[in-house]
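The values are calculated or read from the model by the stated rules, or taken from the named source; none is laboratory data. Because the structure is predicted, anything quoted here is derived from the model rather than measured. Heads up, the Cβs are rebuilt from the backbone with ideal geometry, glycines too, and the neighbour counts pull from every protein chain shown. Remember, those area values only see protein heavy atoms, side chains included, never the ligands or the DNA or RNA. Shrake-Rupley method; radii C 1.70, N 1.55, O 1.52, S 1.80 Å.
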Amino acid sequence: MGRAPFLLPLIGLIFGILISEYLPDFPLWGLALLVLAGVALMFVRRPVIGLLMMFMAVGWGVTELHKPLPLAVTGDGRYSASVLHSWETDGNALMGIVKVDSVNRSSVAPFTITVQMIGHRNVIMPGERIAFRAKIMPPKENPQLPDIPFGNSLDRRFGVVGFAMVLPDSLIYCVDGCGFSAMMYRLNRQMISRLSEADLDDRAFSLLAAMLLGDKSMLPPDEVNAYSASGLSHLLALSGTHVAVIVSLIALALFPLTIARHNQVRFLLSVVLLWFYAFLTGMSPSVVRAAVMASVYLFGRIIERPSVPINSLCFAAWVILMVNPMELFMPGFQMSFAAVAGIIVFYPLLNQIDRRKHPRLYFLWSYPAVSIAAMMLTGLVATWYFHTFPLYFLPANLLAVPVMPLILGLGVLLLMAPSFHPAAWAVNGLCGFLSAVARWISEMPQAVFADVYLPLWFTVLLPILLLLAGIALGKKNYAAAIASVMLILTAFGAERILRPQFPPEESFELDDALVVRRGDSLMVFTELKNETDRREAAVYFTRRLRHYCARRGLPPPEIFERVD
């Protein structure tokens, strides 16, 4: 614990969040008991257990404070709200998450709802304020497929407690909001508009907007799928790699302060500019994690004390979870921290080349070693959520990752000088190269190991055992490493033995349809008016039931007319 004092508070905080989330009836006296037991253990020289219990109480308390209150207002009315998030749907609609603070022109305690904006005229963006007439209802119940966990992570993150459908003529007004967050959203859109003035083709513009400013709304679905299948989806989501490039660009811009020997001022300005970039791009968990870790490192340089990466990582997670405990259940949070934890633990084991004796060989092996170390844990998390694993992630990253800093650097240059055509042409070529690599890798035979369904206990246990094995090897504790490996093999064996056995027949309601499985046949009974409805229903339910069918080895469902 000496090198990572924030590890224990983080573990306690996570346990407290899990208690609050999965034991909703945990009594208040239980919280008091945890605190008293923790204090008592501190006095009997059991500080580790005592602190753990006290931070469990902190985690429980923080999570309870962040839980949204039940929906207090329902029915028709005029509502005023600030837009927190928005996204397009497959149909002629736009979805948004908004925080309502006014009902029928009277202020109320803020609450968050999901709105469905019908029609092309109803376009809302984060940072705007809207007023609308609608009927607020309790949130839609998401139909849960058997043995397949389903949950809306955005609803969980924002604390959504209601739903409203806004018809084309029901949007009263939509204006720019006030406050720092709204200002950052507007500045982000202004920068995207400034990039559009450059001589960029559509592909380069959408990629640069995603990689530099965090706006992935303009990426074509086939482009996103190609990056995902090739193991390059992390390039499209702002992460530590992007932040590292931004920090390097900031250091380059502040280089005159280094010459003037004002290093402390340079470090402090770097922290300020780094957090400005984090707010500008929407404060995603991966960017916040990287910003916290970079800030800890830079403050260490200011006070001339080195930082410990694993402690900085724990501190970053602790800060994010204290602000919003629900981030613990978000895929982005989990994959970001899993990637960095994998790099911290496994990279030194994978790259043991003497840097002084063989600097070129060390540098050449660094890229593959970092990619493998990050994928050691991230691959498991991604497989749990997306049920796929890109087999050729290593060659794809070796070709694509070195190009990304060049694109970001040229993108910053284009923000300052959109009319600088050589930079735009270079970005067009580099983005074309990235897309060509993604398509080439994704179209290779067996590029994706698909339909992988891991149980939750295995997905949680295996990364922990891998980390323990890596830490033991790093400390040359071979007995603990061998024990961890044996436990890993035991977990694999248990996963094979404990695979679920499905009943011979199943039936359940799904989206106003009745789904019936008998053996290897799957039938969907729904309302049909004509042959067009049948074709649309076949496409919809084939996509909706894809994972259900894959787990059971079923063909696509047959569509029949439902007769009540």
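Per-structure values
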item: Label point distance in nm, residue 66-residue 417, each placed 7 Å from Cα along Cα→Cβ; result: 4.4 nm
item: Extension reserve of the residue 450-residue 49 stretch, reckoned as 0.36 nm per residue once the Cα distance is removed; result: 140.1 nm
item: Highest-first arrangement of 531-540, 204-213, where packing means the average Cβ count within 10 Å; result: 204-213, 531-540
item: With DNA, RNA and ligands ignored, accessible area of residue 218 (1.4 Å probe; Å², nearest 10); result: 70 Å²
item: Simple spin-label estimate for residue 36 and residue 269 in nanometres, 7 Å along Cα-Cβ; result: 5.6 nm
item: 10 Å-binned pair-distance histogram of region 299-353 (Cα, whole percent); result: 21, 40, 31, 8, 0
item: Taking all pairs of distinct alpha-carbon atoms in the chain, Kirkwood radius in angstrom; result: 26.7 Å
item: Compactness relative to 2.2 N^0.38 Å, alpha carbon Rg of region 250-369; result: 1.22
item: ³J(HN,Hα), Karplus 6.51/-1.76/1.60, whole Hz, each residue of region 490-496, x for Gly, Pro; result: 5, 5, 4, x, 5, 5, 5
item: Stretch gain in nm, segment residue 480-residue 26, where the contour uses 0.36 nm per residue and the Cα spacing is subtracted; result: 159.9 nm
item: Cut-off 17 Å (backbone N to label point 7 Å along Cα→Cβ of residue 355), residues of region 367-403; result: 367-371
item: Over the chain: helical MRE at 222 nm, DSSP H runs n ≥ 4 each giving -39500 (n - 2.57), nearest 500; result: -18500 deg cm²/dmol
item: At q = 0.11, 0.18, 0.19, 0.22 Å⁻¹, base-10 log of I(q)/I(0) for region 376-519 (Debye sum, equal scatterers on each alpha carbon); result: -0.75, -1.09, -1.13, -1.26
item: Ranked by how many other beta carbons lie within 10 Å on average, peptides 481-489, 9-17 from highest; result: 9-17, 481-489
item: For the chain, accessible area per residue (1.4 Å probe, heavy atoms of protein chains only), Å²; result: 54 Å²
item: Per residue Cα convex hull volume in Å³ - calculated over region 237-294; result: 63 Å³
item: Lysines with Cα under 28 Å of residue 357, excluding same-chain neighbours fewer than 8 positions away; result: 475, 476
item: Inter-site label distance for residue 398 and residue 538 at 7 Å from Cα along Cβ, in nm; result: 4.5 nm
item: Euclidean distance of C-alpha centroids, region 250-326 and region 176-205, integer Å; result: 24 Å
item: Contour minus Cα-Cα distance for residue 383 and residue 495 (0.36 nm per residue); result: 38.8 nm
item: Karplus-derived HN-Hα couplings along region 232-248 (A = 6.51, B = -1.76, C = 1.60, θ = phi - 60°), whole Hz, x at Gly and Pro; result: 10, 5, 5, 6, 7, 10, 4, 8, x, 5, 5, 5, 4, 5, 4, 4, 5
item: Candidate lysines - alpha carbon under 19 Å from residue 67, same-chain residues fewer than 8 apart omitted; result: 99, 140
item: Cβ crowding within 10 Å averaged over residues, with 423-430, 472-479, 266-273 ranked highest first; result: 423-430, 266-273, 472-479
